[in-house]
Every structure is written in structure tokens, then in C-alpha cells.
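Structure record follows, encoded as C-alpha cells.
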Amino acid sequence: MLANPLRLPCGASLPNRIAKSAMSEDLAGPGHLPDGALLALYSRWARSGAGLLVTGNVMVDRTALGEPHNVVIEPGAPVAPLAAWATAAQAGGAQVWPQLNHPGRQSPRFLSPVPVAPSAVALAIPGVFAVPRALIGPEILDIIDRFAAAARLCQQAGFDGVQVHGAHGYLVSQFLSPLANLREDEWGGDPERRRRFLIEVVRAIRAAVGPTFPIGVKLNSADFQRGGFDEAESMAVVEVLEAEGVDLLEISGGTYERPAVTGILEEQRASTVAREAYFLAYARRVRSRTRMPLMLTGGFRTAAGMAAAVEGGAVDVVGLARPMALQPELPRGILDGSIAESKVAPLRSGIKAADALLEIAWYSWQLKRMSLGKEPDPGVWPWAVLGHTAWDMLRAPGATWRAP
């Protein structure tokens, strides 16, 4: 079943049911455009056997970055570097979808001293993120237009589709959250108005790319915060996205404040151990209410677990992120039977507050190694990687570091 193609509502087909889910590479070259580093990394993943490669963060505004070296696609961006990236990633037959994103308030203060967000509500992470400024109506419409323009440029460059990042506390997720979105206008005040931003982004992209170009959305099952975006609201968003003709919904969960997607919230639950994937129970409930193709990311480690999730009908595509940073050949091995299990294991320092940062930095380091033509190094000391990553961010060109 994992080897079977999947036909999407727009008419396009994925060659199999294993996808590389997005990990922010932070590897853009000059001008926030892809260059040799990203081409080398995606040339490696092109040989992975995955049927779909979803890129890491591609931002739609160079004044709003999640990391210093994000790729940015704005109106007027040159197509040639994007086309080279697409060609490199497609060499093995996979579909390649850039993940379009805007960080909103989730832009570090050394990159955004005054970030923007639905409302002036700061992240509960002291010192790292500044208090955002609330967007005004014309700015919201401009950001929607930027998503559409970026999608159109991706299509012109030869990519196979796009994914809108609506999870993990970035701007779309902020609009959805009753904790982050305190507006009382047409963009907030109740669940219907809070999800309007996401729906308008999807509609604008569809108008820009036409009916046959795949559009995906990554959505939280919940934010895992008291009073935040919960499963009931998430399920209502799913039903609206199906009505809008979304081609593939990727299910995830958590935010920077509550990083469920790293497994920290889930790993101790016996039910998680039994079912392997973090959000499989939610995916099953979604499946009972929609026929929209579903992709589930988070926690898959064994060939048997991946096959069971798809064969049982809960999901259509299995998403792999961290396993692809350590074993870039994992999908091919799963499909041909030569690999039964991922080598990924949790990184635990003994300092719970640091573990999420360690995980992110350590796996990002593996991506950088592959971008240099090197093999992943599972033995590298996590603290050394974290220190190097922090220094690299502080000395990034154009960074406007300010002490918290």
C-alpha cells in the first residue's frame, strides 16, 4: 500500500505514500534565494525514494523571517534559482512542494524588533521574541496577496505544488488561535472569523495557480494550550478546507510554547507508544468526517507502523521529518523492505526546558552536513551543535541583534 500512487483532487498524483515533511533548512544564499547548499541537500533527498518532498520554510516577506537564511519568494523574485532548486529535487521522480509561510510574531527579536501579528500578544518565551504589533486591514490583505504571488512563482519555476503552513504557531496558526488573535473585526472574534485568513490565503492561491496545481495545508490538531486552538475548532477548519478543494491536509500539532511535535508532550503516554504516530487518533476522527487526502507527520519510526496507518485507512500519506535528517534513504528502504525501523531516538539533556532547542539545532546540523555533501553524523554532541547554531544566528548578515 505504501508503494501505491495517490491521486489528488486536482488531478495530480503522488508516486507513493511516503513524504518528507518540512524541516526549516535555513540554508538560503544571497538575496534569500536557493543556491548550491539547498541544491545539494535536495539532490540527496531526490534519491530518497519519497513520493513527495515538502521544503522547509519559504517566507513570503523578507522583512518577516523565522530564521536568518530562509528562502524568500516575493513579487518580482527571479525564477531561475527557484527552477534550479525544483529540478534538483525532482530528479528522482518525487513531487516537490515549497512550504509557504509567514512567521508573524514568531520571528526572533534580533531579526524582527517589532514583528507583526493578528494582535499585540507576545509569545510566552521570555527574551527571545519581541511584543508584536497588530496588523491593520490593508497589511493583512497584502500578506494574502504575497502568499498567492509566491505560489504563482513556484508554479512558474516548475514546482509541483505548494503547502501553506498553518501550524506550529506561525502567522496562519496565530490567526486561528483564540489566545493569539484577540481581534473583534472581520479577522477575529469567533472561530469563523479567526479562520478567515487561512481560507482567503487558500482562495487567493487557487485563483493564482488554477484548478490543476496542488495546494496543501499543514494544520494543528490542537495547540495544546488551555483556551487555545483546540480539536473542535481544528475539525471545523478541516471541513471548510475540504469545501475549498485543498488537495492534501497534513496533520501536526503544538507551537513553540508547547512543542508537541517534537514528542516532548507525547512520549510518556502509553497510548502513543502503542500507536507509534503522535496524532493518529485525531487523524482517524478526521477521516470519519472528510474524504480529503490526509498526511500525518510525527512519531512514525517503523515500516510496520507506517504501513498500518495507511492500510487502516486513517491517512493516505506518511510524513517523515527527523528520520530523513539521519537516514535520507529511509523511504526507499521502507518501500523495498531493506529497512524496518528508523534510527531516530529522542535527545534528552536532563534540562527539560532546553530539549526542544537541542532537537531543532541537532537535526538542522544534519541538514547542513548533507548540504556540504557530507553524511549525517548521529554521534555529534548536541550541546556543541546548539552553541554553534546560536553563534551562527547572531552573526548572520543583516541581523539587528538587540539585548532582551
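The values are calculated or read from the model by the stated rules, or taken from the named source; none is laboratory data. Just so it is clear, the model here is predicted, and its values are computed rather than measured. Reconstructed Cβ throughout: ideal geometry from the backbone, glycine too, with neighbour counts over all protein chains shown.
Brief remarks follow.
- The set of residues in the range 9-52 being touching a strand residue (DSSP E or B) at 6+ places or on another chain (Cβ under 6 Å) and either of a type in the set (A, V, I, L, M) or assigned to a strand (DSSP E or B) (or both) consists of S13, L14, I18, A19, K20, A22, M23, A28, A50, L52.
- Strands (runs of 3 or more DSSP E) contained entirely in the range 242-349, each with at least 3 residues that are under 30 Å from F129 (Cα atoms) and either of a type in the set (D, E) or at pLDDT below 95 (or both): 248-252
- Taking the criterion of being within 15 Å of M324 (Cβ to Cβ) and of a type in the set (D, E, K, R), the residues of the range 21-49 that qualify are E25, R44, R47.
- Selection count where residues are in a loop (DSSP other than H, G, I, E, B) and either within 25 Å of L8 (Cβ to Cβ) or at pLDDT 85 or above (or both), scope the range 208-228: 6
- All conditions but one from (1) closer than 15 Å to V60 by Cα; (2) assigned to a loop (DSSP other than H, G, I, E, B) apply to S119; the one that does not is (1).
- Checked against the criteria, R62 does not count as in a helix (DSSP H, G or I), basic (K, R) and at pLDDT 95 or above.
- Residues being outside any loop (DSSP other than H, G, I, E, B) and free of Cβ contacts under 8 Å to residues at least 60 places away in the same chain are entirely absent from the range 99-115.
- Test: V54 is closer than 14 Å to A150 by Cα, among the β-branched types (V, I, T) and surrounded by 19 or more Cβ atoms within 10 Å (Cβ to Cβ): no
- So E192, is it farther than 30 Å from V79 by Cβ, over 21 Å from the mean Cα position of the chain (by Cα) and assigned to a loop (DSSP other than H, G, I, E, B): no
- Qualifying positions in the range 337-359 - without any contact (Cβ under 8 Å) to a residue 40 or more places away in the chain and farther than 15 Å from L320 by Cα: G337, S338, L347, R348, S349, G350, I351, A353, A354, L357, L358
- Qualifying residue in the range 75-98 (condition: touching a residue at least 12 places away in the same chain (Cβ under 8 Å), part of a strand (DSSP E or B) and in contact with a Lys or Arg (Cβ under 9 Å, 6 or more places away or on another chain)): no
- Taking the criterion of being among the β-branched types (V, I, T), over 21 Å from the mean Cα position of the chain (by Cα) and part of a helix (DSSP H, G or I), the only residue of the range 358-387 that qualifies is V385.
- Taking the numbered list (1) surrounded by 16 or more Cβ atoms within 10 Å (Cβ to Cβ); (2) among the charged types (D, E, K, R); (3) modelled with pLDDT of 95 or more in turn, D355 passes all entries but (3).
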